[in-house]
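Enquirer: Okay, handing you the structure first.
The values are calculated or read from the model by the stated rules, or taken from the named source; none is laboratory data. Owing to the predicted nature of the structure, the values given are computational and were not obtained by experimental measurement. Note that we place each Cβ from the backbone using ideal geometry, even for glycine, and neighbour counts take in every protein chain shown. Please note that ligands, DNA and RNA were not included when accessible areas were found on the heavy atoms of the full protein model with its side chains. Shrake-Rupley method; radii C 1.70, N 1.55, O 1.52, S 1.80 Å.
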Amino acid sequence: MPIVPPTHSVERSLRRAGAKVVVGLDEVGRGAWAGPVTVGAAVTGLRKPPEGLTDSKLLTELRREALAPVLADWVTAYALGHASALECDELGMTAALRLAAVRALEALPVEPDAVILDGKHDYLGGPWRVRTVIKGDQSCICVSAASVLAKVHRDGLMAELGEAHPAYGFADNAGYPSPVHRAALEELGPTEHHRLSWAYLDGLPEWRHLKRDRPLTGAGGPGSAEPVGEQLSLGF
């Protein structure tokens with residue numbers, strides 16, 4: 001099935017409602033065992049995007065790496081924010097995502113009037129006006145751009161971290177589950193880059209004593225859900 005190119009339709013609707021600067025946000029690394037969770041923020045305006053832009057997960061590694069520098073020159077502005085493995089453990093994933101997103105937004109040279117956030121749940125919340133879009137990384141140009149930039153940057157970061165820990169295969173798996181990654185964990189245990197509250201440690205009896213408790217969820221807690229913003233499903 002051919003890939004449907006992303007559009008500016010959601011951004012146009014936000015602009016009609018008064019938003020002059022619209023930022024697309026996308027995350028990478030949420031399900032990884034190791035490394036940070038990274039959020040990319042991209043401002044693209046309404047210009048025609050580079051050929052082949054779509055969700056980073058639908059692109060080959062070679063295509064992503066070729067597209068990323070083109071995007072970096074094409075976008076109006078972009079920035080990246082990270083929350084470390086330790087912050088993921090201490091805060092919980094929802095709060096860690098928000099921390100990474102806030103860092104990305106605050107690093108932008110422009111102040112957003114509205115944010116298009118990939119997914120169903122608004123982990124960002126106020127003071128930003130947030131529009132959540134299911135599969136926004138496929139359907140919204142600014143979110144697709146953020147997706148590719150964040151993915152390529154984090155993959156490169158994990159490859160660098162892997163130079164000191166070659167057995168874990170970070171250059172190939174970017175800290176995500178893989179047979180090589182699991183085998184290294186079984187033999188060597190987690191590194192300082194691993195998330196110690198993740199469930200993979202339950203399957204490693206020799207290293208299970210390192211498991212950290214996840215933060216308690218609930219109102220006001222560090223792992224609590226953020227307020228849900230506007231939600232838009234494009235039917236994918």
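Enquirer: Quick test for you: out of Ala68, Ala107, Ala85, Ala100, pick the one residue that is on the phi < 0 side of the Ramachandran plot and out of contact with any His (no Cβ under 9 Å at 6 or more places or on another chain).
Expert: Being on the phi < 0 side of the Ramachandran plot and out of contact with any His (no Cβ under 9 Å at 6 or more places or on another chain) holds for just one of Ala68, Ala107, Ala85, Ala100, which is Ala107.
Enquirer: Same structure, new question: Filter region 1-31 down to the residues that are more than 15 Å from Leu46 (Cα to Cα) and either touching a helix residue (DSSP H, G or I) at 6+ places or on another chain (Cβ under 8 Å) or among the basic types (Lys, Arg) (or both), then identify the one that is modelled with the lowest pLDDT.
Expert: Out of the qualifying residues, it is Ile3.
Enquirer: On to the next question. Counting just the residues of region 114-149 that are acidic (Asp, Glu) and under 14 Å from Gly40 (Cα atoms), which one comes out surrounded by the most Cβ atoms within 10 Å (Cβ to Cβ)?
Expert: Asp137
Enquirer: Which of the residues that make up region 78-94 are assigned to a strand (DSSP E or B) and either over 17 Å from the mean Cα position of the chain (by Cα) or in contact (Cβ under 8 Å) with a residue 40 or more places away in the chain (or both)?
Expert: Tyr78, Leu80, Gly81, His82, Ala83
Enquirer: Okay, moving on. Which of the residues belonging to region 189-214 are aliphatic (A, V, I, L, M) and outside any loop (DSSP other than H, G, I, E, B)?
Expert: Ala199, Leu201, Leu210, listed by residue number.
Enquirer: Another question about this same structure. Kindly list the number of the only condition in (1) hydrophobic (A, V, I, L, M, F, W, C); (2) under 22 Å from Glu87 (Cα atoms); (3) surrounded by fewer than 19 Cβ atoms within 10 Å (Cβ to Cβ) that fails for Val180.
Expert: Failed condition: (2).
Enquirer: For Glu106, indicate whether it is within 23 Å of Gly18 (Cα to Cα), surrounded by fewer than 19 Cβ atoms within 10 Å (Cβ to Cβ) and among the charged types (D, E, K, R).
Expert: Judged against the criteria, Glu106 is a match.
Enquirer: Hey, Leu234 hits all of (1) hydrophobic (A, V, I, L, M, F, W, C); (2) open to solvent by 80 Å² or more (accessible area, probe 1.4 Å); (3) modelled with pLDDT under 95 but one; which does it fall short on?
Expert: Unmet condition: (2).
Enquirer: Sticking with this structure for a sec: Name the single residue, out of those in region 48-63 being without any contact (Cβ under 8 Å) to a residue 60 or more places away in the chain and in a loop (DSSP other than H, G, I, E, B), that is most open to solvent (accessible area, probe 1.4 Å).
Expert: Lys48
Enquirer: Name the one entry in Ala72, Ala66 that is without any contact (Cβ under 8 Å) to a residue 24 or more places away in the chain, open to solvent by 20 Å² or more (accessible area, probe 1.4 Å) and of a type in the set (Gly, Ala, Ser).
Expert: Ala66
Enquirer: Let me ask another. Starting from residues that are among the hydrophobic types (A, V, I, L, M, F, W, C) and in a strand (DSSP E or B), keep the ones in region 33-47 and report whichever is surrounded by the fewest Cβ atoms within 10 Å (Cβ to Cβ).
Expert: Val43
Enquirer: Take the residues in region 11-32 that are more than 10 Å from the chain's Cα centre (by Cα) and surrounded by 24 or more Cβ atoms within 10 Å (Cβ to Cβ); name whichever of them is nearest to Tyr168 (Cα to Cα).
Expert: Ala32
Enquirer: Here's a follow-up. Return the pair list, or none, for Cβ contacts closer than 6 Å from residues in region 205-220 that are over 13 Å from Met93 (Cα atoms) to residues that are at pLDDT 90 or above and assigned to a loop (DSSP other than H, G, I, E, B), at least 6 apart or on different chains.
Expert: Pairs that qualify, where the first residue is over 13 Å from Met93 (Cα atoms) and the partner is at pLDDT 90 or above and assigned to a loop (DSSP other than H, G, I, E, B), are Trp207/Gly189; Leu210/Leu196; Arg212/Leu196; Arg212/Ser197.
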